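Novice: Got a structure for you, questions after.
The values are calculated or read from the model by the stated rules, or taken from the named source; none is laboratory data. Nothing here was measured: the structure is a model prediction, and the numbers come from that model. Every residue, glycine as well, gets a Cβ built from its backbone with ideal geometry; the counts of neighbours run over all protein chains shown.
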Amino acid sequence: MEQVYDVVIVGSGPAGLSAAIYASRAKLKSIVLESQPVSGGQIINTYEVDNYPGLPGIEGFELGEKMREHADRTGAQFAEGRVCRVQKEKDGYVVFTEEEQYRTRGVIVASGARHRKLGVPGEEEFCGMGVSYCATCDGAFFRNKTTAVVGGGDVALEDAIFLARMCEKVYVIHRRDAFRGAKILQERLMALENVEILWDSVVEEIHGDEMVQSISISNKKSGEKSEIQVQGVFIAVGIVPCTEGFDKLADMDDSGYFEAGEDCRTSEKMLYAAGDVRTKQLRQVVTAAADGANAVASLQEDLLAGSR
């Protein structure tokens, strides 16, 4: 007889791991599908998480490990596989990976998001050869060199602070005249002597031979163009939700995020969106973890209502 789960949780970042813990504690028949061999989502590429309550200054990889260990202790079940399609059926859903399929009464989508690209000449060509989307992953390769960080949010500021510890010089290129990132990060960045901020500026092209050698910059206000010599370009201009495979399954906004509130319910019954994939004001580890809990709570209510 084919196994039917109460819930399939797609993704093993903070939202998915939180959902796994709550689902296990609720004695729901659940499984977490993760596309990577290591749990934790985006936080495993974060050098330091300084705003998760009770664990100030913890490394992102360690926090991801602790969350996974917690889920394992509750008896949560995991399987590796990238979800390629979800099919709605009368009595629930079938979740397809490349090799397996899982029949379930409900689905929690906690698949997270991926880095947004600049879309400029040279970006694809030099990806992995000086162009990076993860300072904590690749920063060590640029010790004592000159790098540029593109962006103005929390991730960009964190990346620049991290790189400044090892790089000779760090340029921060931001298209506006003020950062969007947290004030405490701005203060830390401004205090660094080897950081230069280029306001109102955008990258037009990335140049190099076998590796990145320079970038072309344009000032949006003055129209002035310049070229700066750098060996590394770290791009931190936002994220794109990983909602492939869920197209047209439930209502989404223009940016591809599931339209779901704090209860994580989408427009489709028994389909929930948690973490970076849903419309929300703040996308942080703490709100993702809360979403995982809320999604399971909503699922439990809906399962109970359906059984009456």
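Novice: Could you check Val86 against (1) over 20 Å from the mean Cα position of the chain (by Cα); (2) within 21 Å of Cys242 (Cβ to Cβ); (3) in a loop (DSSP other than H, G, I, E, B) and say which number it fails?
Specialist: Of the numbered conditions (1) over 20 Å from the mean Cα position of the chain (by Cα); (2) within 21 Å of Cys242 (Cβ to Cβ); (3) in a loop (DSSP other than H, G, I, E, B), the odd one out for Val86 is (3).
Listed here are the residues, each with its yes/no results for (1) in contact with a Leu (Cβ under 6 Å, 6 or more places away or on another chain); (2) within 21 Å of Gly41 (Cα to Cα); (3) not assigned by TED's automatic domain parsing to the domain that holds Lys90.
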{"residue": "Leu198", "(1), (2), (3)": "no, no, yes"}
{"residue": "Val212", "(1), (2), (3)": "no, no, yes"}
{"residue": "Ile215", "(1), (2), (3)": "no, no, yes"}
{"residue": "Asp247", "(1), (2), (3)": "no, no, no"}
{"residue": "Ser255", "(1), (2), (3)": "no, yes, no"}
{"residue": "Arg265", "(1), (2), (3)": "no, no, no"}
{"residue": "Gln284", "(1), (2), (3)": "no, yes, no"}
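Novice: Which one of these is more than 30 Å from Gln284 (Cβ to Cβ) and buried (at least 17 other Cβ atoms within 10 Å of the Cβ): Val233, Val212? Give the steps one after another, and end with the answer.
Specialist: Details: Val233 fails: more than 30 Å from Gln284 (Cβ to Cβ).
Of the residues listed, the single one that is more than 30 Å from Gln284 (Cβ to Cβ) and buried (at least 17 other Cβ atoms within 10 Å of the Cβ) is Val212.
Novice: For the range 132-155, how many residues are modelled with pLDDT of 95 or more, surrounded by 21 or more Cβ atoms within 10 Å (Cβ to Cβ) and within 19 Å of Ile217 (Cα to Cα)?
Specialist: Within the range 132-155, residues that are modelled with pLDDT of 95 or more, surrounded by 21 or more Cβ atoms within 10 Å (Cβ to Cβ) and within 19 Å of Ile217 (Cα to Cα) number 6.
Novice: Just give me the residues in the range 77-108 being of a type in the set (Phe, Trp, Tyr) and buried (at least 21 other Cβ atoms within 10 Å of the Cβ), in sequence order.
Specialist: Applying the first criterion (of a type in the set (Phe, Trp, Tyr)) to the range 77-108 yields 78, 93, 96, 102.
Result: Tyr93, Tyr102.
Novice: Could I ask something else about it? Kindly list the number of the only condition in (1) part of a helix (DSSP H, G or I); (2) at pLDDT below 95; (3) under 19 Å from Asp50 (Cβ atoms) that fails for Leu163.
Specialist: (2)
Novice: Mind checking which residues of the range 93-111 are of a type outside the set (Val, Ile, Thr), within 16 Å of Ala295 (Cα to Cα) and in a strand (DSSP E or B)? It would help to see each step written out before you state the result.
Specialist: Here is the first cut: in the range 93-111, the ones of a type outside the set (Val, Ile, Thr) are 93, 96, 98-103, 105-106, 110-111.
Pick out the ones that are also within 16 Å of Ala295 (Cα to Cα) and you get 105-106, 110-111.
Those that are of a type outside the set (Val, Ile, Thr), within 16 Å of Ala295 (Cα to Cα) and in a strand (DSSP E or B): Arg105, Gly106.
Novice: If I ask for residues that are closer than 18 Å to Val277 by Cα and among the hydrophobic types (A, V, I, L, M, F, W, C), which ones from the range 8-43 would you list? If you could, list the steps in order and put the result at the bottom.
Specialist: Keep residues of the range 8-43 that are closer than 18 Å to Val277 by Cα, which gives 8-20, 32-36, 39-43.
Those that are closer than 18 Å to Val277 by Cα and among the hydrophobic types (A, V, I, L, M, F, W, C): Val8, Ile9, Val10, Ala15, Leu17, Ala19, Ala20, Val32, Leu33, Ile43.
Novice: Can you name the residue in the range 252-305 that is free of Cβ contacts under 8 Å to residues at least 60 places away in the same chain and of a type in the set (Gly, Ala, Ser) and, of all such residues, is surrounded by the most Cβ atoms within 10 Å (Cβ to Cβ)?
Specialist: Ala260
Novice: Test Gly57 against the criterion of being touching a residue at least 24 places away in the same chain (Cβ under 8 Å), on the phi > 0 side of the Ramachandran plot and in the same structural domain as Tyr257 (by TED's automatic domain parsing), and give yes or no.
Specialist: When the stated conditions are applied, Gly57 does not pass them.
Novice: While we're on this one: Scan the range 167-183 for residues that are surrounded by fewer than 17 Cβ atoms within 10 Å (Cβ to Cβ) and either hydrophobic (A, V, I, L, M, F, W, C) or in a strand (DSSP E or B) (or both) and jot them down.
Specialist: Ala178, Ala182
Novice: Go through Ala156, Ala178 for me and flag whichever is within 26 Å of the chain's Cα centre (by Cα) and free of Cβ contacts under 8 Å to residues at least 40 places away in the same chain.
Specialist: Ala178
Novice: Next question, about the same structure. I'd like the residue in the range 22-43 that is part of a loop (DSSP other than H, G, I, E, B) and buried (at least 21 other Cβ atoms within 10 Å of the Cβ) and, out of all such residues, is nearest to the chain's Cα centre (by Cα).
Specialist: It comes out as Gly40.
Novice: Considering only strands (runs of 3 or more DSSP E) fully contained in the range 184-300, which possess at least 2 residues that are under 23 Å from Leu157 (Cβ atoms) and modelled with pLDDT of 95 or more?
Specialist: In the range 184-300, the matching strands (runs of 3 or more DSSP E) lie at 195-198, 201-208, 212-219, 225-229, 232-235.
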